[in-house]
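A short worksheet on the structure shown next.
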Amino acid sequence: MLKARAAVILLLCLAAAAISRGQTDEKAQTTLTGCVIASSGDNLLFADGQNEYLLTGDTSALNKLLGAAGTIEVRLRGSADTPVAAQPAFKVAEVLGVVERPKAKLSPAWGDTSQWQAKRNLHFGVEFKHPMASPVLENSAASETLGDTNFVAADGAVSLGGFSIPREIYPDSNFVGGGFALSVNPEIANRPSCEMFGRFDPDNLSSLSVGHIRYNEVQEAEGAAGTSYETRYFHTFQNGLCYELAFEAARFATANADNGCMIAELQEEDVKAIVKPILKSVSFFRSEAKAKTRPEKSLRPEVTSFTASSNAADDAENRGIITVAWSTKGADYVELSFTCPNPAEVESGGVSSLVISEDGPNRYCENTASFETSAPYRIFHSPNSTAQLGFGLFNHDDPTSVIVTITPFADGKAYPAADKSLIFTVNPNDPFPRGVPTETRNMTLSYVPSQSGEGYTRGSPMTIVWTDERAQDPCVNLYLVRDNSTGGEDYLLQINGKREIGCLKPSSNGSYIWTVSSKYSGFGFRILARTPGGTSGALGPVFEISPD
């Protein structure tokens, strides 16, 4: 494959006249139809499944047509061009037109639920239908298909079964397959709490009615290895019980396929067409199960205890991970929030040096600009449970504090008067908890001499220069360290730790101007350079930091 700054790959599917390397008349015009796939670079490449062609000539019209589509099918007029580095080339004279991408077509059998089989659960008062070709996955098997439920209170959730959705229902499309799972949570005893979700972006909340049944819906999406996974959760409160219907649809990126422009892509309406027959097949009736007894309306929820495994997040002691636990009375669920007593200490230019995670997702102090600009993602927890919090403080050599507050909810309403809070100390991140590495690997490191030639003054600029022999190394991180009495080094500060700076590029040959820290003075300081994973690194010479 030719390495170029911008490459677009075109799969040749129909040619009015063939192009070959041995063609003698390069001025002969021909018309080609095929896929153009956008990738990084400014040259255009197209292939017929066996050969790849570098597109030359006027390709500006192709770039405009591609836009954000990723891949399109086009008709080109042009002629063979001189090969570039043994790469066959085609000189574009004109873009004749764009061929419309085929539309996804749902198998008629999927919408005909008259042939589906019913699965009835008398104990929990619900029935759903499934295609004969998709047998019911019972309990844990159904849960494993789609993962955890999305109730506001995860404790007490019961899986009632589900089934896989085969990719064949959308033939010749980018649909990979999916699944359906049905759950109930008898612990959730009121409609407002049932209609909420454990984790969600409020912007993705919606509702719909199927017959006389009303559902609240939220969508989540994630992707990996060129495949996107979209999960839709539907909650409904029926006969005193809270039910969840969950659907997953997976799609692959057509831009990653040579013939991607000829593959139908699922749209929003296509996904809805998968979900609709299943929703219509679900019915509810009086159950044998008894819902949780609701507390008296006059009883305000309260947090009876809120504790933590440690009051300090420290790399050496707990790797920045703290487990908090709580118990409540009269609450349906709880929410955690975060406040920084000194927000200016952890944020610069709207970029936070403090990283917080809550059972996975990133969180921010609510009194910082980062919180205001981040997605309004919310996480609710069971009324008596635990959560794992992670803290990291980068580009700092002094600790900071974070206040974590727990708020109880009942009937969908928050009760801030019943809040409880814990204060945590977050120590600076130490990237070398097992000791500072001092060996030199594939790298040289030096400093531009100061104006005085005798060390550096606090607050003065220091130019750090490095060269890395490994071209495949992505970038370089720089650290301030100091000689200790045991012959090793003590870590002090990550120089490029701020998120707006990031890992420094290129690793092969670069420089960075650092404003010398005003906190330190004396002798024995060094700069350490390391690439991610420690594949390359170097420890610089000793220098002195003088007072102002």
What single numbered condition from (1) over 29 Å from PRO131 (Cβ atoms); (2) surrounded by fewer than 21 Cβ atoms within 10 Å (Cβ to Cβ) fails to hold for SER193? (2)
Only one of (1) of a type outside the set (A, V, I, L, M); (2) in a strand (DSSP E or B); (3) out of contact with any Asp or Glu (no Cβ under 8 Å at 6 or more places or on another chain) fails for PHE237. Which number is that? (3)
Among ALA118, ALA80, the single one that is out of contact with any Gly (no Cβ under 7 Å at 6 or more places or on another chain) and under 30 Å from THR56 (Cα atoms) is ALA80
Six or more apart or on different chains, Cβ atoms under 9 Å: show the pairs whose first residue is in the stretch 516-529 and farther than 9 Å from GLY540 by Cβ and in contact (Cβ under 8 Å) with a residue 12 or more places away in the chain and whose second is of a type in the set (Gly, Ala, Ser) and assigned to a strand (DSSP E or B). SER521/SER546; GLY522/SER546
Tally up the residues in the stretch 166-181 that are within 26 Å of the chain's Cα centre (by Cα) and not aromatic (Phe, Trp, Tyr), please. 9
Checked the stretch 437-461 for anything closer than 13 Å to GLY540 by Cα and buried (at least 19 other Cβ atoms within 10 Å of the Cβ); matches are MET443, LEU445
Look through LEU266, LEU299 and report the one residue that is outside any helix (DSSP H, G or I) and farther than 30 Å from PRO383 by Cβ. LEU266
Residue among SER309, SER228, SER206 that alone is of a type in the set (S, T, N, Q), under 22 Å from SER382 (Cβ atoms) and out of contact with any Phe, Trp or Tyr (no Cβ under 6 Å at 6 or more places or on another chain): SER309
Of (1) under 21 Å from the mean Cα position of the chain (by Cα); (2) not in a loop (DSSP other than H, G, I, E, B), SER401 satisfies all except one. Which? (1)
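Go through the stretch 302-331 and give me each residue that's within 20 Å of ASP411 (Cα to Cα) and either within 29 Å of the chain's Cα centre (by Cα) or assigned to a strand (DSSP E or B) (or both). Spell out how you get there, then give the answer.
Going through the stretch 302-331, the residues within 20 Å of ASP411 (Cα to Cα) turn out to be 302-304, 326-331.
If the condition is that a residue be within 20 Å of ASP411 (Cα to Cα) and either within 29 Å of the chain's Cα centre (by Cα) or assigned to a strand (DSSP E or B) (or both), then GLU302, VAL303, THR304, TRP326, SER327, THR328, LYS329 are the ones that fit.
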Looking at the stretch 225-242, I want the residues that are at pLDDT 95 or above and have a partner that is among the β-branched types (Val, Ile, Thr) with Cβ atoms under 7 Å, at least 6 apart or on another chain. Which pairs are those? ARG232/VAL275; TYR233/VAL218; THR236/ILE213; LEU241/VAL184; CYS242/VAL184; CYS242/ILE188
Of the conditions (1) at pLDDT 95 or above; (2) under 27 Å from the mean Cα position of the chain (by Cα), ILE213 satisfies every one except a single condition; which number is it? (2)
Is it the case that the stretch 524-531 has a residue that's surrounded by fewer than 17 Cβ atoms within 10 Å (Cβ to Cβ) and more than 23 Å from ALA316 (Cα to Cα)? yes
Need pairs with beta-carbon distance below 8 Å; first residue hydrophobic (A, V, I, L, M, F, W, C) and at pLDDT 65 or above and within the stretch 43-70, second in a helix (DSSP H, G or I) and buried (at least 19 other Cβ atoms within 10 Å of the Cβ); sequence gap 6+ or separate chains. LEU55/LEU62
Output the residues belonging to the stretch 309-357 that are crowded, with 18+ Cβ neighbours inside 10 Å, in contact with a strand residue (DSSP E or B) (Cβ under 6 Å, 6 or more places away or on another chain) and acidic (Asp, Glu). ASP332
Within the stretch 343-364, work out how many residues are over 16 Å from ASN496 (Cα atoms) and either free of Cβ contacts under 8 Å to residues at least 40 places away in the same chain or not in a helix (DSSP H, G or I) (or both). 12
Looking at PRO416, PRO399, which one is closer than 17 Å to GLU317 by Cβ and at pLDDT 90 or above? PRO399
Among the residues of the stretch 358-376, which ones are within 26 Å of THR149 (Cα to Cα) and surrounded by 16 or more Cβ atoms within 10 Å (Cβ to Cβ)? GLU358, ARG363, TYR364
The stretch 285-307, subset crowded, with 18+ Cβ neighbours inside 10 Å, modelled with pLDDT of 75 or more and out of contact with any helix residue (DSSP H, G or I) (no Cβ under 9 Å at 6 or more places or on another chain), residue farthest from SER193 (Cα to Cα): PHE306
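The values are calculated or read from the model by the stated rules, or taken from the named source; none is laboratory data. Source: prediction; values computed, not measured. Note that we place each Cβ from the backbone using ideal geometry, even for glycine, and neighbour counts take in every protein chain shown.
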